[in-house]
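K.L.:
Dropping the structure in here first, questions after.
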Amino acid sequence: MGQLLAPPGPHAVHLCIDMQRLFAPYAPWATPWLERALPEAVRLIAHAPPRTVFTRFIPVRNKAEARGVWKAYYEKWECVTRDKADPGLLELMPALTRFVPPATVIDRQTYCAFTNRRLQAFLDEHQVDTLIVSGGETDVCVLAAVDIGYRVILAEDALCSSSDESHDALINLYTKRFSLQIEVAPVASILARWSIVR
């Protein structure tokens with residue numbers, strides 16, 4: 001771990017996943033690691049704000065709007081539906097809002113950021129070939145990005161999870177099973193090798 005195969009390159013984008021107030025320590029979907037990962041994510045964002053894309057998970061308006069197994073999900077988590085939750089919970093963490101713009105925000109209602117095609121269209125338009133990933137619960141998005149063909153670099157100290165055990169298992173899987181497609185490195189190593197063309 002902690003090693004890049006090559007510098008990120010001029011067509012890299014930092015994909016910061018779901019660093020929203022909804023996942024802060026006091027929120028319904030609290031992710032314990034968020035506060036620890038946030039300063040490292042900020043370092044990546046500050047390095048290249050125009051090359052940063054924030055995704056936000058936006059729950060359904062109400063449980064009746066949900067489809068299929070999402071109905072049962074929102075039966076359990078009705079408190080986070082848009083009709084019930086404080087709208088401010090959907091916003092980015094306060095430390096991140098100053099970067100938008102020039103950073104871009106793309107919303108979605110599914111686990112995978114690529115499902116609604118807005119993210120894919122943005123990346124295609126900007127000729128992106130590498131994703132530097134930070135943020136929360138990145139397992140679904142990471143494998144989707146690999147399937148599409150992106151080089152994926154995980155910023156290991158800028159990732160957060162709701163479970164130490166699942167996080168460690170995923171990092172282990174990525175570094176062993178997907179080592180040619182997914183690289184894992186600390187933010188300092190990424191920044192040292194990521195040159196931005198101004």
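The values are calculated or read from the model by the stated rules, or taken from the named source; none is laboratory data. Small disclaimer: the values here were computed from a predicted structure and weren't measured. Virtual Cβ from ideal backbone geometry, glycine too; neighbours counted across all protein chains shown. Protein only, heavy atoms only, side chains kept; ligands, DNA and RNA dropped before computing areas. Shrake-Rupley method; radii C 1.70, N 1.55, O 1.52, S 1.80 Å.
K.L.:
Please give me, ordered by residue number, the trypsin sites (Lys or Arg not before Pro) of segment 107-158 that lie in loop per DSSP and have at most 14 other Cβ atoms within 10 Å. Before the final figure, lay out the partial values.
P.N.:
Numbers: sites: Arg108, Arg117, Arg118, Arg151; in loops: Arg117.
Filter output for segment 107-158: Arg117.
K.L.:
Okay, next question. Amide H neighbours of His14 under 5 Å, at least 5 residues apart or on other chains, H built in the peptide plane: list them.
P.N.:
Those lying under 5 Å, H to H, from His14 are Thr52, Val53, Ile132.
K.L.:
Equivalent ellipsoid semi-axes for segment 1-60, as square roots of 5 times the alpha carbon gyration tensor eigenvalues: give them largest first, rounded to whole Å. Could you put the intermediate results ahead of the total?
P.N.:
Details: eigenvalues 126, 41, 21 Å².
Computed over segment 1-60, the values are 25, 14, 10 Å.
K.L.:
Using the beta-carbon distance between Thr115 and Ser179 and R0 = 35 Å, what value does 1/(1 + (r/R0)^6) give for FRET efficiency, to the nearest 0.05?
P.N.:
0.85
K.L.:
Another question, if that's okay. Roughly speaking, to the nearest percent, how much of segment 39-198's 1.4 Å accessible area is carbon and sulfur? The partial results should precede the final answer.
P.N.:
On the way: 4280 of 8070 Å².
The computed percentage sits at 53.
K.L.:
Separate question: Per DSSP H run of at least 4 residues, take -39500 (n - 2.57); add these up for the chain, divide by its residues and hand me the 222 nm value, nearest 500 deg cm²/dmol.
P.N.:
Details: 6 runs with 61 residues, N = 198.
Rounded to the nearest 500, it is -9000 deg cm²/dmol.
K.L.:
Net charge within 12 Å of Asp157 by Cβ-Cβ distance, Lys/Arg positive one each and Asp/Glu negative one each, not counting Asp157 itself?
P.N.:
0
K.L.:
Now for a separate question. Among the trypsin sites (Lys or Arg not before Pro) in segment 1-106, which ones are in a DSSP loop with at most 11 other Cβ atoms within 10 Å of the Cβ? Mind listing them?
P.N.:
Details: sites: Arg21, Arg36, Arg43, Arg51, Arg56, Arg61, Lys63, Arg67, Lys71, Lys76, Arg82, Lys84, Arg98; in loops: Arg61, Arg67, Arg82, Lys84.
Qualifying residues, ordered by number: Arg67.
K.L.:
What FRET efficiency would be calculated for the residue pair Arg67, Ile148, taking the C-beta separation as r and a Förster radius of 35 Å, to the nearest 0.05? Write out the running numbers ahead of the final one.
P.N.:
On the way: r = 24 Å, r/R0 = 0.69.
The value I calculate is 0.90.
K.L.:
Then there is this: Can you give the Rg to Rh ratio for the chain, taking only C-alpha atoms and Rh from Kirkwood?
P.N.:
Across the chain, the Cα-based Rg/Rh ratio is 0.95.
K.L.:
Accessible area per residue, 1.4 Å probe, Å², for the chain: what's the number?
P.N.:
Values: 9710 Å² over 198 residues.
That works out to 49 Å² per residue.
K.L.:
Related question: Using the Cβ atoms and a cut-off under 12 Å, what net charge is assigned to the surroundings of Arg61, where Lys and Arg are +1 and Asp and Glu are -1?
P.N.:
Net charge in that neighbourhood comes out at 0.
K.L.:
While we're looking at this one, here's another question. Read phi for every residue in segment 58-66 and hand back ³J(HN,Hα) as whole Hz from Karplus 6.51 cos²θ - 1.76 cosθ + 1.60, θ = phi - 60°, with x for Gly and Pro.
P.N.:
10, x, 5, 5, 8, 5, 5, 6, 6
K.L.:
To continue, here is another question. Can you list residues from other chains, or at least 5 along the same chain, whose modelled amide H is less than 5 Å from the amide H of Val105?
P.N.:
Phe54
K.L.:
Report the label-to-label distance for Arg21 and Asp107 in nanometres (one decimal), using points 7 Å from each Cα along the Cα→Cβ vector.
P.N.:
Result: 1.5 nm between the two label points.
K.L.:
Here is a follow-up. Evaluate E = 1/(1 + (r/R0)^6) for Leu5 and Gln127, where r is the Cβ-Cβ distance and R0 equals 22 Å; express this FRET efficiency to the nearest 0.05. Present the calculation step by step, with values, prior to reporting the outcome.
P.N.:
Numbers: r = 20 Å, r/R0 = 0.92.
So, using R0 = 22 Å, E works out to roughly 0.65.
K.L.:
Got a sec to turn the phi values of segment 120-129 into Karplus ³J(HN,Hα) couplings, 6.51 cos²θ - 1.76 cosθ + 1.60 with θ = phi - 60°, whole Hz, x for Gly and Pro?
P.N.:
4, 4, 4, 5, 4, 4, 9, 6, 6, 10
K.L.:
Among Ala155, His11, Val133, which residue has its Cα positioned farthest towards the positive end of the charge dipole of the chain, with +1 placed on the Cβ of Lys and Arg, -1 on the Cβ of Asp and Glu, and the dipole taken about the Cα centre?
P.N.:
His11
K.L.:
Taking +1 at the Cβ of each Lys and Arg and -1 at the Cβ of each Asp and Glu, which of Leu119, Leu92, Gln109 sits farthest along the dipole of segment 84-198 towards its positive end, judged by Cα position relative to the Cα centre?
P.N.:
Leu119
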